[in-house]
């Protein structure tokens with residue numbers, strides 16, 4: 001079984017966090033190969049990424065695709081997410097986590113923005 005985690009920083013502003021949850025829900029409607037799609041947050045709010053990884057594992061998920069909803073490859077993308085993944089692999093040796101490129105690393109982003117203008 002496979003899950004998608006849409007991971008974001010987390011905000012003190014509840015509406016910002018809800019945008020990520022809404023994005024994950026919209027993605028779930030379009031992605032039939034994933035048994036579960038969740039939003040998770042790096043800091044400030046729950047559910048944390050580690051909490052969602054554990055929840056997925058406890059429900060039988062053994063493959064997680066992690067989509068980092070970040071515009072730039074800052075410390076969170078380059079250091080924090082790989083550290084969380086490494087810890088999860090130690091905790092759950094039979095779990096595979098695939099870290100996708102962050103939003104800002106998407107090759108079609110400039111074209112998408114230009115088409116939206």
If you take the residues of the stretch 1-21 that are under 11 Å from the mean Cα position of the chain (by Cα) and closer than 15 Å to residue 96 by Cα, which of them is surrounded by the most Cβ atoms within 10 Å (Cβ to Cβ)?
-> 5
Does residue 110 qualify as being more than 14 Å from the chain's Cα centre (by Cα), over 23 Å from residue 54 (Cα atoms) and not in a helix (DSSP H, G or I)?
-> no
Give the stretch 37-50 a look and list any residue that's on the phi < 0 side of the Ramachandran plot and over 12 Å from the mean Cα position of the chain (by Cα), or say none.
-> 43, 45, 46
Count, please, the residues in the stretch 60-71 that happen to be closer than 27 Å to residue 107 by Cβ, in a loop (DSSP other than H, G, I, E, B) and in contact with a strand residue (DSSP E or B) (Cβ under 9 Å, 6 or more places away or on another chain).
-> 2
Hey, can you tell me all the residues within the stretch 2-21 that are without any contact (Cβ under 8 Å) to a residue 60 or more places away in the chain, in contact with a strand residue (DSSP E or B) (Cβ under 8 Å, 6 or more places away or on another chain) and in a loop (DSSP other than H, G, I, E, B)?
-> 10
Subset of the stretch 79-93 that is closer than 22 Å to residue 24 by Cα and free of Cβ contacts under 8 Å to residues at least 60 places away in the same chain - its residue that is surrounded by the fewest Cβ atoms within 10 Å (Cβ to Cβ) = 82
State all residues of the stretch 22-59 that are surrounded by fewer than 13 Cβ atoms within 10 Å (Cβ to Cβ), assigned to a helix (DSSP H, G or I) and in contact with a strand residue (DSSP E or B) (Cβ under 8 Å, 6 or more places away or on another chain); if no residue qualifies, say none.
-> none
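Each row is one residue, and each column tells you yes or no for (1) more than 21 Å from residue 109 (Cα to Cα); (2) at pLDDT 95 or above.
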residue: 10; (1), (2): yes, yes
residue: 24; (1), (2): no, yes
residue: 36; (1), (2): yes, yes
residue: 40; (1), (2): yes, yes
residue: 46; (1), (2): yes, yes
residue: 73; (1), (2): no, no
residue: 84; (1), (2): yes, yes
residue: 95; (1), (2): yes, yes
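The values are calculated or read from the model by the stated rules, or taken from the named source; none is laboratory data. All figures in this text were calculated on a predicted structure; none of them were measured in a lab. No Cβ is skipped: glycine too gets one built from the backbone with ideal geometry, and neighbour counts run over all protein chains shown.
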